[in-house]
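The values are calculated or read from the model by the stated rules, or taken from the named source; none is laboratory data. Quick caveat, the model's predicted, so the values are computed rather than measured. Glycine also receives a Cβ, built like all others from the backbone with ideal geometry; neighbour counts cover every protein chain displayed.
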Amino acid sequence: MKQTGNTILITGGGTGIGKALAHRFHDLGNTVIIAGRRMEMLEKAIGDRPNIHALTLDMDDAAGVAAFADKLVADFPSINVLFNSAGIMRMEGPLDKFRDLGDAEASITSNLLGPIRVTNALVEHLGRQPDAVIVNVSSGLAFVPLVIAPTYSAIKAAIHSYTESLRAVLKGRIEVIELVPPAVQTNLTPGQETNERFMPLNTFADQVMALFQQTPTPREILEGVDFMRNAEAAGRFDETLAAINPFLK
């Protein structure tokens with residue numbers, strides 16, 4: 001992935017990892033478009049930075065995603081990079097006998113159908129651009145689940161698989177990269193932003209950018225999450241599962 005001169009869409013760019021990476025790619029001289037549900041959060045994320053733009057996007061609305069893509073391409077025809085970074089995380093009680101599936105269904109719509117819809121809407125245009133890239137943000141939980149977030153973990157495993165398929169299908173046309181974060185201090189869940197056991201957001205973003213700048217760019221951007229990514233292959237899946245789910249004891 002080239003580091004400058006891109007036109008980059010980052011979904012979920014108003015907060016967290018999306019916002020941090022939007023700022024860093026902007027610092028390198030890229031045009032950045034951040035997208036999310038709330039314009040006020042997007043505008044706050046932009047601040048006084050020139051050449052960062054905001055568009056509202058509700059990935060739960062299939063027709064809205066298509067309309068968003070049409071406007072994006074019309075306003076920014078040089079767009080060549082898509083970061084699928086938006087998402088929600090909701091805890092569930094997997095053993096509750098009569099639980100409400102609303103959180104699970106919302107997670108699937110936002111975290112799985114959403115990126116697929118955005119990718120589907122933009123992939124043809126991206127395929128015509130030079131230096132085209134799709135970056136899908138998964139999670140270390142794609143490889144070792146957090147059992148109180150079973151749907152979220154399963155979705156991230158699906159995003160990993162989806163990314164592998166995209167990479168094979170788009171080989172030679174669009175570079176496909178998977179960004180696999182560990183637990184990072186963001187507002188994804190209550191209390192996460194100040195949890196001292198999690199990686200500080202700025203530290204994560206700085207280290208990730210160093211990996212993006214490698215030549216060639218790794219197909220998987222792994223920072224602080226290797227122990228989860230490689231747990232099964234290394235024969236220590238059960239040990240790692242217990243380590244991230246200590247309440248199972």
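Okay, residues lined up against (1) in contact with a strand residue (DSSP E or B) (Cβ under 7 Å, 6 or more places away or on another chain); (2) part of a strand (DSSP E or B):
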residue	(1), (2)
1	yes, no
5	no, no
17	yes, no
20	no, no
32	yes, yes
55	yes, yes
58	no, no
68	yes, no
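So which of 22, 45 ends up being buried (at least 20 other Cβ atoms within 10 Å of the Cβ), of a type in the set (A, V, I, L, M, F, W, C) and more than 19 Å from residue 115 (Cα to Cα)? Steps first, please.
Details: 22 fails: more than 19 Å from residue 115 (Cα to Cα).
Unique residue meeting the criteria: 45.
Six or more apart or on different chains, Cβ under 7 Å: which pairs go from a residue in region 38-49 that's under 15 Å from residue 10 (Cβ atoms) to one that's assigned to a helix (DSSP H, G or I)? Could you list them?
45/19; 45/22; 49/26
Anything in region 109-144 that is within 22 Å of residue 57 (Cα to Cα) and without any contact (Cβ under 8 Å) to a residue 12 or more places away in the chain? List them, or say none.
120, 124, listed by residue number.
For the subset of region 167-207 comprising residues that are in a loop (DSSP other than H, G, I, E, B) and among the basic types (Lys, Arg), which member is modelled with the lowest pLDDT?
Per the criteria, the residue is 197.
What are the residues in region 198-226 that are farther than 19 Å from residue 186 by Cβ and free of Cβ contacts under 8 Å to residues at least 60 places away in the same chain, if any?
Within region 198-226, 210, 214, 215, 216, 218, 219, 220, 226 meet the criteria.
Among the residues of region 106-140, which ones are among the small types (Gly, Ala, Ser), out of contact with any Asp or Glu (no Cβ under 6 Å at 6 or more places or on another chain) and assigned to a loop (DSSP other than H, G, I, E, B)?
The answer is 127, 132, 139.
From the list 154, 149, which one is out of contact with any Gly (no Cβ under 6 Å at 6 or more places or on another chain), under 26 Å from residue 22 (Cβ atoms) and among the small types (Gly, Ala, Ser)?
Going through 154, 149 in turn, the sole match is 149.
Scan 7, 11, 15 and give me the residue that is among the hydroxyl-bearing types (Ser, Thr, Tyr) and over 24 Å from residue 153 (Cβ atoms).
On the way: 11 fails: over 24 Å from residue 153 (Cβ atoms); 15 fails: over 24 Å from residue 153 (Cβ atoms).
The unique qualifying residue is 7.
I'd like to verify a number: residues in region 139-162 that are touching a Ser or Thr at 6+ places or on another chain (Cβ under 7 Å) and either among the basic types (Lys, Arg) or closer than 30 Å to residue 5 by Cα (or both), how many?
Residues in region 139-162 being touching a Ser or Thr at 6+ places or on another chain (Cβ under 7 Å) and either among the basic types (Lys, Arg) or closer than 30 Å to residue 5 by Cα (or both): 3 in total.
Of all the residues that make up region 130-140, how many are crowded, with 20+ Cβ neighbours inside 10 Å and either of a type in the set (S, T, N, Q) or over 18 Å from residue 18 (Cβ atoms) (or both)? Working first, answer last.
Taking region 130-140 and keeping what is crowded, with 20+ Cβ neighbours inside 10 Å, we get 132-140.
After this cut, where a residue has to be either of a type in the set (S, T, N, Q) or over 18 Å from residue 18 (Cβ atoms) (or both) as well, the list is 132, 136, 138-139.
Looking only at that region, the number is 4.
Hey, residue 208 hits all of (1) more than 30 Å from residue 131 (Cα to Cα); (2) surrounded by 14 or more Cβ atoms within 10 Å (Cβ to Cβ) but one; which does it fall short on?
Answer for residue 208: the failing condition is (1).
Every residue in region 101-129 that is charged (D, E, K, R), surrounded by 15 or more Cβ atoms within 10 Å (Cβ to Cβ) and closer than 18 Å to residue 68 by Cβ, please.
117
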